[in-house]
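Only one structure is covered here, and it is reproduced in the block below.
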Amino acid sequence: MIRELLDTFNTLTTIQLLVLVVAALLWLLQFLYLLFFPLRVLVKTKAKPVTTEMAPLSVLMVVRNEEENCRETLPRLLNLENQDMEVVVVDDYSQDNTLSVLGLLKQRYQRIKLSSLSQETRYSEKLAQNIALKSAEKDWVLLYPVSAQNPTQDWLNEMDKATADPVLVKLAYTTVAANNNRFNKFYRIENFFQQVRSASYSLNGLAFVYNEENVAFKRAEYFKLGGFGTQVLEPYANLELVINRFIRKENVELCFNEKNILTKQVVVDGSAFKDIVRKSIRIEKHLSKPKQFVLLLDRLIQLLYPLFVALVLLLAFKFWPVVAILVAVKLLVFMVIIKILQNRLNERKLFITSLVFSFIMPFYKLFFRWNFNRQSKNHKWKNKG
């Protein structure tokens, strides 16, 4: 067979040879990406012993019409053992009884600090976050989703533990509770791949975050940058914009294991799935040019790889055994890495769907990104008019 393949190789036309070389290069780039990006996250997600030395933490929450969650789930956080932890809650102009429930909780728990906005503004969530950060007294802060169902003592101990210099950011995993809704599954898969991508890029010197929740950082860094600044006008992202301006490989600690997961109990529909994709697009727009370039290259490789594999089979079918072996090796490595990561992040039921999703989504996102950017430009022109 090898002799036959060599003879076939010698008879290839220039176009066939070019297609073969490009396909091989794309395969190599994808294989190296798996080894140096997701695999590094896999190595870093092993649970570490919990230290007894703690760094004071301010847990920040911005709530709006969250009466039920404040009554039912917030006490789970407040009952965790940590004398130095403070909980800063800012009510973002709720129209239900959220503020009253928070007032009752404040009477029971001395660690709560409570503020509220008296009117609604276009960017009130950023304003509320700014108030929370100004009210916080601890060196470390963490934005906490009030819908989180499972805050544990191990989670708090890990996120509240002391870190060595120059660590400024601690990344942990956030997801939503599973149900039978197909958009819930799509959302969780997209969320999983986004956070793994963020973690893997951070470990390779291209640090950034897609998600502001369950990320602890040094409060002083926010004020060194002057807060949101002109980015206050960005409608799809909040604290991610600020964190991405100071996060670096050398100042990130990865806390990706089952103990540090926060699971939110929220309703996820088609609109929520599209919003998480829109948010990722907008966050990438605000990244530095080198990070944008690598992300663009990553997207192009994901799109071109299956197309060139198909072209090789179409133009040089006799190489199908080699193509089959290489595709199988790459797929097997991908499956092993994703399976172990999903097990460690308690996303075990996503495995099969994730494989299909990872193949289809690059093409879906290509159209989605084009359509979203087109709509954004049209909206800008209408506003100018």
For the stretch 124-241, the Cα gyration tensor yields equivalent-ellipsoid semi-axes (√(5λ), largest first, whole Å) of 24, 18, 16
Answer check: the chain, Cα atoms, Kirkwood Rh, Rg/Rh ratio of 1.03
For the chain, the helices passing both cut-offs (Cα extent along own axis of 27 Å or more, Kyte-Doolittle mean at least 1.0, full DSSP H runs) are 14-36, 289-315, 320-344
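Can you tell me, using C-alpha contacts under 8 Å and at least 6 residues apart, the relative contact order of the chain as a whole percent?
On the way: 518 pairs, mean separation 80.9, N = 385.
With pairs under 8 Å counted, the relative contact order is 21 percent.
Of all chymotrypsin sites (Phe, Trp or Tyr not before Pro) in the stretch 162-239, which ones are in loop regions per DSSP and have a Cβ with at most 12 other Cβ atoms within 10 Å? Write down the numbers at each step before the final one.
On the way: sites: 173, 183, 186, 187, 192, 193, 201, 208, 210, 217, 222, 223, 228, 236; in loops: 173, 208, 210, 228, 236.
Taking the stretch 162-239 and a limit of 12 other Cβ atoms within 10 Å, no loop chymotrypsin sites (Phe, Trp or Tyr not before Pro) are found.
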Shape descriptors of the stretch 1-134 over alpha-carbon atoms, Rg and Dmax in angstrom, are 28.4, 83
Scan of the chain for GluC sites (Glu not before Pro) in DSSP loops with at most 15 other beta-carbon atoms within 10 Å gives a longest site-free stretch of 138-385
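Determine the percent antiparallel among the DSSP beta bridges restricted to the chain, to the nearest 5.
25
So what is the calculated 222 nm ellipticity per residue for the chain, using -39500 (n - 2.57) for each DSSP H run with n of 4 or more, over all residues, to the nearest 500 deg cm²/dmol?
Numbers: 15 runs with 218 residues, N = 385.
Helix-only estimate at 222 nm: -18500 deg cm²/dmol.
Classify the stretch 189-294 from the C-alpha gyration tensor, please: rounded if a/c falls under 1.5, else prolate or oblate depending on whether a/b exceeds b/c. Display every interim value, and only then the final one.
On the way: a/c = 1.38, a/b = 1.17, b/c = 1.18.
Rounded shape, in that the Cα axes give a/c under 1.5.
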Links exceeding 21 Å between C-alpha atoms in this model, out of 259/365; 106/264; 161/249; 134/259; 249/279; 218/249, come to 259/365; 106/264; 134/259; 249/279
Here the averaged projected area of the stretch 258-301, based on the convex hull of its alpha-carbon atoms and given in nm², is 5.1
Amide H proximity to residue 216 below 5 Å, modelled H, separation 5+ or other chain, gives 170, 172
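With an 8 Å Cα cut-off and a minimum separation of 6 or more residues, compute the relative contact order for the stretch 91-140 in percent.
Working: 30 pairs, mean separation 20.0, N = 50.
Reported relative contact order: 40 percent.
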From the Cα centre of the stretch 139-161 to that of the stretch 275-322, the distance in Å is 35
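Within the stretch 188-268, report the trypsin sites (Lys or Arg not before Pro) that DSSP leaves as loop and that have at most 16 other Cβ atoms within 10 Å. Don't skip to the answer; put the middle values down first.
Details: sites: 188, 197, 218, 219, 224, 245, 248, 249, 259, 264; in loops: 248.
Loop-located and lightly packed - 248.
Once you charge only the Cβ atoms, +1 for Lys and Arg and -1 for Asp and Glu, what is the size of the charge dipole of the chain about its Cα centre, to the nearest 20 debye?
On the way: 51 positive and 35 negative charges, 234 e Å.
For this selection, approximately 1120 debye.
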Non-local residues with an amide H under 5 Å from the amide H of residue 54, with H modelled 1.01 Å from N and Pro and chain starts lacking one, are 162
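Any read-out appearing in this document is the output of simple, stated calculations on the displayed coordinates, not a laboratory observation. Just so you know, these numbers come straight off a predicted model, no measurement behind them. All Cβ positions, glycine included, derive from the backbone under ideal geometry; neighbour counts span all protein chains shown.
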